[in-house]
Amino acid sequence: MIQVGDVVISIDCFTERFCCDLEACKGACCIEGEAGAPVTEEEVRELEAVVDTVWPDLSASAQSVIDRQGVAYTDSDGDLVTSIVDGKDCVFTCYKDGCCLCATEKAFREKRTAWCKPISCDLYPIRERRLSNGLTALNYHQWEICRPAVRKGRELDLPVYRFLREPLVRRFGADWYAELEEVAAALHQQGFI
């Protein structure tokens, strides 16, 4: 583990390569898994604020789930997560040309909203966890459906932390990311990565 400020980062975030390949995976991360995306109370309020804007992009099934239980729920592990449809699709998924997209991110990119999506989605394949000592841990999560992203990342020689530059800056700030880059350069110079 490498520490930058009050964040500890697994070495995999420096050594592994990753770059989403939407053409290959078709957005499977939004429809696979046992629960919705982890969210905070603040993010639930953000989702509630944008739901009317993205409503036309959502499926009738997703709209029904939101009407019934809201944009989020507490899963069996006690975590607050986005609501899901039929045990798989996040309620904020939408489809275009056979690809699953995030309706909130789509609205953000089209400048219809000022908020993009939950940070847990933006940071993927990094998973964030709060440690008992008050530090935040960032770990690289490997998932079979992301094999095309690993392959593309290797082709581009793109480390996970560089692929996630924007979300890491969004979450921890530009100064923190600049320090992360300095740490990575030092690790590289010393032959650790």
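The values are calculated or read from the model by the stated rules, or taken from the named source; none is laboratory data. Fair warning: this is a prediction, and the values are worked out from it, not measured in the lab. Methodologically, a virtual Cβ is constructed for each residue, glycine included, from the backbone with ideal geometry; neighbour enumeration extends over all protein chains shown.
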Picking from GLY98, GLY78, GLY5, GLY27, which residue would you name as being more than 30 Å from LEU158 (Cβ to Cβ) and not hydroxyl-bearing (Ser, Thr, Tyr)? GLY78
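If a residue must be more than 18 Å from the chain's Cα centre (by Cα) and assigned to a loop (DSSP other than H, G, I, E, B), how many such residues does the range 76-87 contain? Can you show your working first?
So the first thing to find is which residues in the range 76-87 are more than 18 Å from the chain's Cα centre (by Cα), and the list is 76-78, 85-87.
Still in the list and also assigned to a loop (DSSP other than H, G, I, E, B): 76-78, 86-87.
Qualifying residue count for the region: 5.
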Would you confirm whether any residue within the range 42-58 is hydroxyl-bearing (Ser, Thr, Tyr), surrounded by fewer than 21 Cβ atoms within 10 Å (Cβ to Cβ), at pLDDT 95 or above and outside the structural domain of CYS146 (by TED's automatic domain parsing)? yes
Somewhere in the range 50-60, is a residue within 21 Å of ASP122 (Cα to Cα), of a type outside the set (Ser, Thr, Tyr), in contact (Cβ under 8 Å) with a residue 60 or more places away in the chain and assigned to a helix (DSSP H, G or I)? yes
Of PHE92, PHE108, PHE14, which residue is assigned by TED's automatic domain parsing to the domain that holds ALA184 and of a type outside the set (Asp, Glu)? PHE14
Condition first: part of a loop (DSSP other than H, G, I, E, B) and of a type in the set (Gly, Ala, Ser). Now tell me which residues in the range 1-49 satisfy that. GLY5, SER10, GLY27, GLY33, ALA35, GLY36, ALA37
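Any residue at all in the range 167-174 that's farther than 14 Å from ALA28 by Cα, assigned to a loop (DSSP other than H, G, I, E, B) and modelled with pLDDT under 95?
no
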Sort through LEU101, LEU138 and tell me the only one that's part of a strand (DSSP E or B) and modelled with pLDDT under 95. LEU101
Residue list for the range 75-98, filter: among the aromatic types (Phe, Trp, Tyr) and modelled with pLDDT of 90 or more: PHE92
Unmet criterion (only one of (1) exposed (fewer than 13 other Cβ atoms within 10 Å of the Cβ); (2) farther than 30 Å from TRP176 by Cβ) for VAL65: (1)
What pairs come out if I take residues in the range 107-135 that are assigned to a loop (DSSP other than H, G, I, E, B) and pair them with residues that are of a type in the set (S, T, N, Q) whose C-beta lies under 6 Å away, six or more apart or interchain? ARG112/THR53; THR113/THR53; LYS117/THR104
Given the residues PRO159, PRO148, PRO118, which is the only one that is at pLDDT below 95 and surrounded by 16 or more Cβ atoms within 10 Å (Cβ to Cβ)? PRO148
